[in-house]
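A quick write-up on the structure given underneath.
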Amino acid sequence: MAKRFWLGIAAVQVLALGLLYFTWPPVVLTLLVPEDEAQAWKPLIQKFEAKHPKTKISLITTKNLGGFLSKQLKEGSCLPQGSPDLVYIDVIWVPEFAVRGCLQDLSGRFDTEMRSQFTPQAVKDGEYFGKSYRIPLRSDMGMLYYRSDLLAQAGYQKPPQTFTDLMKISQTLKQKQLVEWGFLWQGDQYEGKIATFVEILAGHGGYWIDEETRQVGLDQPEAIQAVQFLRNTLTSKVSPTSVLTYSEAESLAQFRTGKSMFLRHWPRAKLFLAKDKMVKSVPMQLQVQGHSGGPCNGSWGLGIAKKTQHSDQAWRAIRFFTSEKSQRQFTQATQFIPSHKAVLKQGSPEVQEAITKVIYRPRIPEYDQASEILQTALSQALNPDTSDQAVEEIMEKATSETDQLLNPPS
């Protein structure tokens with residue numbers, strides 16, 4: 001009798017637990033992504049929720065995710081309660097978010113086996129002082145798009161490797177009245193201008209900030225030459241002066257009219273240029289002789305907010321979204337470059353090689369302020385009304401301000 005009694009009690013408990021499981025509301029994780037990526041995220045989220053019905057993903061979009069993160073840092077709020085549980089973050093924000101305690105240290109979860117699935121560089125991009133704060137989702141780098149039919153008409157078989165060749169090709173096609181503009185780039189005062197500039201800077205043999213010594217190189221001859229190259233594209237009318245108001249959207253729209261020869265952009269532009277079979281692309285590696293250029297690194301990944309109440313569920317979601325199968329689906333839909341080795345090896349050898357030579361913006365906790373200083377300086381220096389002498393003064397001032405930021409008096 002007693003045995004039956006206890007068996008009955010056990011059965012009731014099992015039923016109660018089962019009922020509780022099926023009636024208990026699911027955990028809801030928030031994820032904030034750029035609005036132009038939303039359509040690529042939705043099918044992944046549907047698959048995740050089908051596999052994990054007790055965890056739901058609330059997808060929130062914003063036009064400028066980098067701007068949102070920057071605003072949070074300026075306000076000192078550092079992902080307060082109610083902010084995304086899953087933090088979709090660019091490589092440049094990892095050090096500052098780590099230092100401020102915005103992100104969880106994922107080193108204990110990100111084991112050796114999982115790490116081995118990604119490129120070493122992608123893993124490094126999510127680390128700060130030996131700890132992992134972000135798991136790789138996609139790589140990104142600057143690309144040079146060009147019109148192959150017009151390139152042949154200019155007498156060239158391959159896209160330019162030097163700044164000199166880019167100018168020559170552009171000017172030749174303009175003289176033949178085959179193009180309206182030679183080179184389009186992002187010149188508005190925002191992070192896109194920085195990405196463009198660091199590629200030009202590296203190609204001239206210069207540097208912005210040495211991460212180890214915290215020395216600033218914006219007043220060095222190579223940096224002045226990089227600024228002068230961009231100024232020359234404007235004064236020679238290879239680039240329109242309106243490029244100083246261009247973000248990725250405006251520069252791409254102008255290139256799609258078919259009246260420009262070259263465009264500096266990101267891999268995602270392929271989605272919008274695929275129908276034009278004459279448009280080709282190569283990694284952005286323009287240089288002056290004697291130096292090696294490279295594309296700006298713009299990789300993104302997923303971290304977990306320090307203040308989330310659902311760390312285990314968030315980690316489960318990250319493992320799903322960064323898996324080989326998910327990365328393949330996501331990068332096919334967006335044309336981003338995968339960071340998962342198995343997916344990346346199916347891409348072009350040229351891209352696989354270039355991804356190992358990307359140019360880093362300085363990975364420092366003070367990045368947001370340093371970027372603002374440089375953005376302001378470049379906007380002043382690239383103004384057509386600014387004299388060459390004033391350009392040097394502007395870059396010297398930017399160097400001094402950045403040095404004070406990084407190396408304040410004790």
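Filtering region 220-246 to residues that are in a loop (DSSP other than H, G, I, E, B) and either at pLDDT below 95 or within 21 Å of GLN389 (Cβ to Cβ) (or both) leaves GLN220, SER236.
Exactly one residue out of ILE9, ILE57 is modelled with pLDDT of 60 or more, assigned to a helix (DSSP H, G or I) and among the aliphatic types (A, V, I, L, M), and it is ILE9. Take the residues in region 86-130 that are polar (S, T, N, Q) and more than 20 Å from the chain's Cα centre (by Cα); name whichever of them is farthest from GLU353 (Cα to Cα). Ranking the candidates gives GLN104 first. The requirement of being over 29 Å from GLN254 (Cβ atoms), outside the structural domain of PRO283 (by TED's automatic domain parsing) and free of Cβ contacts under 8 Å to residues at least 12 places away in the same chain is fulfilled somewhere in region 88-110, by at least one residue. The residue that is farthest from VAL343 (Cα to Cα), among those in region 117-139 that are outside any loop (DSSP other than H, G, I, E, B) and among the hydroxyl-bearing types (Ser, Thr, Tyr), is TYR128.
Would you pick out the residues in region 221-247 that are under 14 Å from LEU374 (Cα atoms) and in contact with a Gly (Cβ under 8 Å, 6 or more places away or on another chain)? The answer is ALA223, ALA226.
Picking from residues in region 384-410 that are touching a Leu at 6+ places or on another chain (Cβ under 9 Å) and in contact (Cβ under 8 Å) with a residue 24 or more places away in the chain, the one that is nearest to ASP188 (Cα to Cα) is PRO384.
With respect to the stated conditions, ASP149 is among the acidic types (Asp, Glu) and either in contact (Cβ under 8 Å) with a residue 40 or more places away in the chain or farther than 19 Å from GLN228 by Cα (or both).
Looking only at region 198-241, residues that are under 27 Å from GLY258 (Cβ atoms) and hydrophobic (A, V, I, L, M, F, W, C) come to 5 in all. When GLY347, GLY290 are checked against the criterion of being outside the structural domain of ILE89 (by TED's automatic domain parsing) and surrounded by fewer than 17 Cβ atoms within 10 Å (Cβ to Cβ), a single residue qualifies: GLY290.
Looking only at region 205-239, residues that are of a type outside the set (A, V, I, L, M, F, W, C) and within 22 Å of the chain's Cα centre (by Cα) come to 4 in all.
For region 377-410, filtering for residues that are farther than 16 Å from GLU222 by Cβ and among the small types (Gly, Ala, Ser) leaves 5.
From the set of residues in region 100-145 that are among the charged types (D, E, K, R) and surrounded by 20 or more Cβ atoms within 10 Å (Cβ to Cβ), which is modelled with the lowest pLDDT? Out of the qualifying residues, it is ASP140.
Within region 395-410, which residues are in contact with a helix residue (DSSP H, G or I) (Cβ under 6 Å, 6 or more places away or on another chain) and either over 15 Å from LEU201 (Cβ atoms) or of a type in the set (S, T, N, Q) (or both)? Within region 395-410, GLU401, THR402, LEU405 qualify. In summary, helices (runs of 4 or more DSSP H) completely within region 339-383 and bearing 2 or more residues that are within 21 Å of GLN186 (Cα to Cα) and free of Cβ contacts under 8 Å to residues at least 24 places away in the same chain occur at 367-381. For region 177-192, the tally of residues that are modelled with pLDDT of 95 or more and among the charged types (D, E, K, R) stands at 2.
Within region 144-196, the set of residues being under 30 Å from GLY66 (Cα atoms) and assigned to a loop (DSSP other than H, G, I, E, B) comprises TRP185, GLN186, GLY187, ASP188, GLN189, TYR190.
Looking only at region 367-384, residues that are acidic (Asp, Glu) and modelled with pLDDT of 95 or more come to 1 in all.
In summary, GLN313 fulfils each of the numbered conditions (1) among the polar types (S, T, N, Q); (2) surrounded by fewer than 18 Cβ atoms within 10 Å (Cβ to Cβ); (3) assigned to a helix (DSSP H, G or I); (4) out of contact with any helix residue (DSSP H, G or I) (no Cβ under 7 Å at 6 or more places or on another chain) with the single exception of condition (2).
The values are calculated or read from the model by the stated rules, or taken from the named source; none is laboratory data. Being a predicted model, the structure only gives us computed values, none of them experimental. Cβ sites come from the backbone with ideal geometry, for glycine too, and all protein chains shown count toward neighbours.
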